[in-house]
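Following: one structure in structure tokens, then a few remarks.
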Amino acid sequence: MRRRKMSISGRNIEEIDDVMAKIFRGKTPQQRLAIAFGMWSSAKKQLTNYLRYKHPEWDDTMIQKEVAKRLSHGTA
């Protein structure tokens with residue numbers, strides 16, 4: 001099975017095999033957006049839970065700010 005590299009600005013960020021590429025090509029733009037949103041929501045939830053575990057002394061505002069910072073790569 002051949003792997004296809006996807007990149008942004010020449011940096012390899014993801015590898016996807018031909019089967020998954022074919023599946024995603026068969027999705028509508030709305031379906032692809034829903035998949036991406038689901039992945040983002042899952043990452044946000046996992047990161048929030050991790051930060052609450054790692055920093056029990058932080059309040060919700062501090063957690064939310066750190067989550068936003070990390071998910072926006074420091075641009076928030």
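Is at least one residue of the stretch 35-50 assigned to a helix (DSSP H, G or I), loosely packed, with under 10 Cβ neighbours inside 10 Å, modelled with pLDDT of 95 or more and at negative phi?
Among the residues of the stretch 35-50, not one is assigned to a helix (DSSP H, G or I), loosely packed, with under 10 Cβ neighbours inside 10 Å, modelled with pLDDT of 95 or more and at negative phi, which makes the answer no.
Would you be able to say whether some residue in the stretch 13-20 is in a loop (DSSP other than H, G, I, E, B) and surrounded by 12 or more Cβ atoms within 10 Å (Cβ to Cβ)?
Here is the first cut: in the stretch 13-20, the residues in a loop (DSSP other than H, G, I, E, B) are none.
Looking for residues that are in a loop (DSSP other than H, G, I, E, B) and surrounded by 12 or more Cβ atoms within 10 Å (Cβ to Cβ), one finds none in the stretch 13-20, hence no.
So, M62, is that one surrounded by 10 or more Cβ atoms within 10 Å (Cβ to Cβ) and either at pLDDT 95 or above or not in a helix (DSSP H, G or I) (or both) or not?
Working: surrounded by 10 or more Cβ atoms within 10 Å (Cβ to Cβ): yes; either at pLDDT 95 or above or not in a helix (DSSP H, G or I) (or both): yes.
Against the criterion (surrounded by 10 or more Cβ atoms within 10 Å (Cβ to Cβ) and either at pLDDT 95 or above or not in a helix (DSSP H, G or I) (or both)), M62 qualifies.
Count, please, the residues in the stretch 29-47 that happen to be farther than 14 Å from A68 by Cα and among the aromatic types (F, W, Y).
So the count comes out to 1.
The values are calculated or read from the model by the stated rules, or taken from the named source; none is laboratory data. Note that the coordinates shown come from a computational prediction; the quantities given were computed from them, not determined experimentally. Virtual Cβ from ideal backbone geometry, glycine too; neighbours counted across all protein chains shown.
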